[in-house]
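Take a look at the structure set out below.
The values are calculated or read from the model by the stated rules, or taken from the named source; none is laboratory data. Here the structure is a predicted model, which is why all the values come from computation and not from measurement. Positions of Cβ are backbone-derived with ideal geometry, glycine not excepted, and every protein chain shown enters the neighbour counts. We work out accessible area using only protein heavy atoms, side chains counted, and drop any ligands, DNA or RNA first. Shrake-Rupley method; radii C 1.70, N 1.55, O 1.52, S 1.80 Å.
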Amino acid sequence: MAGITPDSNPFKTNWLMRAGTLAVAGYILYAFSTMGLNFQRMAIGMEHAERLLSRMFPPNFERWELLLHDLMESLQIAIIASAVGIIISLFVGLFAARNLMPNIISAPARIVIAVCRTFHPVIIAILFVKSVGFGALAGILTLIVASIGFIAKLFAEAIEEISLKQVEAIRATGASFVSLILFAVLPQVFSRFIGFSTYQLDSNLRNSTMVGLVGAGGLGGTLFSAFQRFDYDFVTAILLTIIALILLGEALSNLVRRVFSS
């Protein structure tokens, strides 16, 4: 084609990219071979899965009172942890915003956020179970930490993206720092903060069932016990209850969005 030289041709072969693609493909094949992943093993796994599914259906809801109790406990863990975590994250995220705070304040706040984000909730749950014992308290503390790690980080980033014109206008009136936050910062990030909070509530509902696997309360502990007893039809009932819990969380999130968007 006219006007396209060999050096400017956008379709010119990129040998470095091709070599990188081949290297990645070769490493994936190597990983498959070293980990023993093959079609024979997959076929054996499918046979086991078929037997497992045959024992999981139909679900057994005879112990519905236990399911209802654990469902309410997981819901309470998620709501309490979300409420406390959101309030703490509001302040931690504000302190971590580098456009409003000096480094002597923002740097430690960012370290706190990084520490909260470092470990998986199950690891944190194990630490709290060892610290405060089995039960809902360990689950609540675990999800508070997880909430701070997520919401505070996104809230700090949202504050750093605000327009400083409103901040300067409020500051020029001689208003206090609290008034500056209330009337110049929060109005610009409020809708995003609500979105972060509703997402974290949904995440905490899921995690409240997972942390129970290590003894931090909720449906997870009952699920783990059912697996240990090979009570697979009851496992299905628990899984369906967890699905109902997540759908309830979706409904709550949509309700919160409608309330604050109206």
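What number comes out for the charge environment of residue 146, summing +1 per Lys or Arg and -1 per Asp or Glu over other residues with Cβ under 13 Å away? All intermediate terms of the calculation are to be shown ahead of the outcome.
Values: positive: 117, 153, 206; negative: 202.
With Lys, Arg at +1 and Asp, Glu at -1, the net is +2.
Are there any GluC sites (Glu not before Pro) in region 88-192 that are in a DSSP loop and have at most 12 other Cβ atoms within 10 Å? List them by number.
Answer by residue number: 161.
In whole percent, how big is the carbon plus sulfur part of the accessible area of the chain, probe 1.4 Å, protein atoms only?
Numbers: 11160 of 15970 Å².
Taking all protein chains in place, the chain shows 70 percent carbon and sulfur surface.
Quick one: 3J(HN,Hα) in Hz for region 59-75, Karplus 6.51/-1.76/1.60 with θ = phi - 60°, rounded, Gly and Pro as x.
Here the 3J(HN,Hα) series is x, 10, 9, 4, 9, 5, 5, 5, 4, 5, 4, 5, 5, 5, 5, 4, 5 Hz.
Can you tell me the dipole magnitude for the chain around its Cα centre, using point charges on the Cβ only (Lys, Arg +1; Asp, Glu -1), in Debye to the nearest 20?
On the way: 18 positive and 15 negative charges, 125 e Å.
Roughly 600 debye, rounded to the nearest 20.
Can you match Rg and Dmax of the Cα atoms in Å to one of these, [x] 25.7, 91; [y] 19.6, 62; [z] 25.2, 77, based on a calculation from the structure here?
Computing Rg and Dmax of the Cα atoms in Å and matching it to [x] 25.7, 91; [y] 19.6, 62; [z] 25.2, 77 gives [z].
Which one, 217, 180, 239, is farthest towards the positive end of the dipole of region 143-262 when Lys and Arg carry +1 and Asp and Glu -1 on their Cβ?
Going by the Cα projections, it comes out as 180.
Nearest 500 deg cm²/dmol is fine: what mean residue ellipticity at 222 nm does the chain get from its DSSP H runs of n ≥ 4 alone, each adding -39,500 (n - 2.57), divided by its residue count? It would help to have the intermediate numbers written out before the result.
On the way: 12 runs with 197 residues, N = 262.
Computed mean residue ellipticity for the chain: -25000 deg cm²/dmol.
Just how much of residue 50 is accessible, in Å², when a 1.4 Å probe is used and the result is rounded to the nearest 10?
The accessible area of residue 50 comes to roughly 130 Å².
Solvent-accessible area of residue 30, probe 1.4 Å, all protein chains present, reported in Å² to the nearest ten, please.
My reading of the accessible area for residue 30 is about 130 Å².
In square angstrom, what is the accessible area per residue of region 113-262 with a 1.4 angstrom probe? Could the numbers behind the result be given before it?
On the way: 7330 Å² over 150 residues.
Accessible surface, normalised per residue, equals 49 Å².
Given 127, 205, 113, which one lies farthest toward the positive end of the charge dipole of the chain, if we put +1 on the Cβ of every Lys and Arg and -1 on the Cβ of every Asp and Glu?
Value computed over the given set: 113.
Using the crude model of +1 on Lys and Arg Cβ and -1 on Asp and Glu Cβ, and no other charge, please compute the dipole size for region 148-259 relative to its Cα centre, in debye to 20. Display every interim value, and only then the final one.
Values: 8 positive and 8 negative charges, 47 e Å.
For region 148-259, the charge dipole is close to 220 debye.
Not counting ligands, DNA or RNA, and with a 1.4 Å probe, what is residue 28's accessible surface area in Å² rounded to the nearest 10?
Solvent-accessible area, nearest 10 Å²: 80 Å².
Report, in debye and to the nearest 20, how large the dipole of region 8-100 comes out about its Cα centre when Lys and Arg carry +1 and Asp and Glu carry -1 on their Cβ. Intermediate results must be reported in sequence, preceding the final value.
Numbers: 7 positive and 6 negative charges, 145 e Å.
Result for region 8-100 is approximately 700 debye, rounded to the nearest 20.
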